[in-house]
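The values are calculated or read from the model by the stated rules, or taken from the named source; none is laboratory data. Nothing here was measured: the structure is a model prediction, and the numbers come from that model. With ideal geometry, Cβ positions are generated from the backbone for all residues, glycine too; neighbour counts draw on all protein chains shown.
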């Protein structure tokens, strides 16, 4: 038992938690933006997969992780473009298109992987970490939180940037209005379709980036269905966070710890099926909802396509 | 929408039979046209990865539809999907997003798999099967109780809660298989296997499960209840406008719980029918994830039970044919997902174009 709670083990556990949390954080922040603008983005799982696949391909052939992140984000945007065209511009049902996109990207990325990589399963070299001086010398916490790839710190900084965006900028207000009362936004002379399109495309970029991180840094390779529900977790996080980016961060860390615990338990050789530990974060959230479940503050026009002049 | 506009567009026709015939023809065209278009688009992807699309489609059709064994497998696959679709029709018509179908399905499957082999030893087989169906249904209903209560009395959005319950349910089903109901006689973690002679009888001399008939009956009954009875009308009012439903004096919380119970119960039955009719046991980590594919199909059927039967047939034909083609032509099974996704998107687009066309003709 002493080995289980040693310093090395704890910091490895927390390090893993952060690594597992970053894709969830990016997906959650992205989904939050869509939902604020009134688009329920169920296709986010597909966007993450596109990001994971293209991110891996980009990083693998160029040898640069940053180029991989770029292609990953571009992959997410490409899927988001379909979503924006079909669901925002011509107003098709968001749930049908979202699920269809997720299914399609699951299939497409697995298919491409089969023809491209299934014989060799190439891996990327381990990502080099940016060590933050001084802070990284703190025992346990230092190696866990301050020895990550640069993009991890950027993702956390993004949380605060998003808070600022929603609270202090015109675009943030427009996004909120597009989800709560699109007709009012339209009357104010702002294009609802454009505002929502911006939101959906940003979601695609963030989700794609999250997928690319998952493949390139988290796993070091691409395998079919690598996201394994991370996009759906992002939806849950965004809805639980009630529009506040900081809560997405907390939620992502909670899920990250549980995911990391699953791996740690296996390494430590503890004889519980991993499924038990996988249930923990969901159980925690359900208990929270039962105890404190108040009315969720979702945007009023969430999931309803905007059509000018419609009754 | 085409249901509303088609009669007025053809009202000038003297004979109504000609009108309905034209309506049916129109609907057939609007379904088959997009499917053909989707096949062409997906064919381009096949070409890109170096597979002859015509050979692939020919093989899928042969194995999923025209070969005697294939059509039997397709019809057998329809049974659980029909139950799932029936459950979703109830929930969606009542305006509730039960996205937790997979968790409810798996828990139903696991409880049916655990109870059926035990029950057949102590009672006649037919009674044992009925009992395990009921147990599976009740377990799935109980599983949906938390989201139902939270939605009914606290207004907590059911998309989050059902999604989380489905993640929980998938893991919980695995825990049950690995720790509680594990068959001690095998090395792979799985439940005890129900002997073939105790499973749901097969139809006539074929391999088609009689679960197909149960599924067809269920979805038609659900359709009639939702469209022809007072209870169905109440649910549809709740779905159309919950506030108006309160003012109309409907007990919305009670109806909400009823909707979740029916929807989840049917998903649990779907799991039971798949286990008792076809699989015989549940292996650890078994999750066919039918729910995700059935949801858009139910939408495209406009929550109409009869149309849903057609879409479910299409889905199972594609998946059975795709599985055979994967083994034979070396195209992984994942291609079926791509094909289904393109079919769904093109069908949705076609419906939009049709709606627009009708509107502009009316104006």
Have a look at A:129, A:110 and point out the one that is touching a helix residue (DSSP H, G or I) at 6+ places or on another chain (Cβ under 8 Å) and either more than 14 Å from chain B (Cβ to nearest Cβ) or within 21 Å of residue A:208 (Cβ to Cβ) (or both).
A:110
Show me the helices (runs of 4 or more DSSP H) entirely contained within region A:104-217 in which 2 or more residues are closer than 21 Å to residue A:27 by Cβ.
A:150-168, A:170-180, A:192-213
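Per-residue answers, yes or no, for (1) in the same structural domain as residue B:264 (by TED's automatic domain parsing); (2) within 21 Å of residue B:347 (Cβ to Cβ); (3) modelled with pLDDT of 90 or more:
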site: B:33; (1), (2), (3): no, yes, no
site: B:41; (1), (2), (3): no, yes, yes
site: B:58; (1), (2), (3): no, no, no
site: B:64; (1), (2), (3): no, yes, no
Read through the list (1) modelled with pLDDT of 90 or more; (2) closer than 12 Å to residue A:47 by Cα, then give the number of the only condition that residue A:232 fails.
(1)
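For every residue, the table says whether it meets (1) surrounded by fewer than 16 Cβ atoms within 10 Å (Cβ to Cβ); (2) more than 21 Å from residue A:23 (Cβ to Cβ); (3) modelled with pLDDT of 75 or more; (4) within 11 Å of chain B (Cβ to nearest Cβ).
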| site | (1), (2), (3), (4) |
| --- | --- |
| A:237 | no, no, yes, yes |
| A:266 | yes, no, no, no |
| A:272 | yes, yes, no, yes |
| A:303 | no, yes, yes, yes |
Picked from region A:113-126 (must be on the phi < 0 side of the Ramachandran plot, more than 14 Å from chain B (Cβ to nearest Cβ) and touching a residue at least 12 places away in the same chain (Cβ under 8 Å)), the residue surrounded by the most Cβ atoms within 10 Å (Cβ to Cβ) is A:124
In region B:195-208, how many residues are under 24 Å from the mean Cα position of the chain (by Cα) and either more than 25 Å from residue B:68 (Cβ to Cβ) or crowded, with 19+ Cβ neighbours inside 10 Å (or both)?
3
Could you identify the single residue in A:282, A:250 that is surrounded by fewer than 20 Cβ atoms within 10 Å (Cβ to Cβ) and in a helix (DSSP H, G or I)?
A:250
Yes or no: region B:303-326 includes at least one residue that is within 27 Å of residue B:159 (Cα to Cα), within 14 Å of chain A (Cβ to nearest Cβ), touching a residue at least 40 places away in the same chain (Cβ under 8 Å) and not in a helix (DSSP H, G or I).
yes
Exclusive hit being surrounded by 21 or more Cβ atoms within 10 Å (Cβ to Cβ) and in contact (Cβ under 8 Å) with a residue 12 or more places away in the chain, set A:96, A:140, A:156, A:77
A:77
Look at residue B:339 and say whether it is buried (at least 24 other Cβ atoms within 10 Å of the Cβ) and outside the structural domain of residue B:226 (by TED's automatic domain parsing).
yes
When the residues of region A:285-299 are filtered to those that are facing chain B (nearest Cβ under 10 Å) and surrounded by 13 or more Cβ atoms within 10 Å (Cβ to Cβ), which remaining residue is modelled with the lowest pLDDT?
A:296
Among the residues of region A:43-64, is any in contact (Cβ under 8 Å) with a residue 12 or more places away in the chain and part of a loop (DSSP other than H, G, I, E, B)?
yes
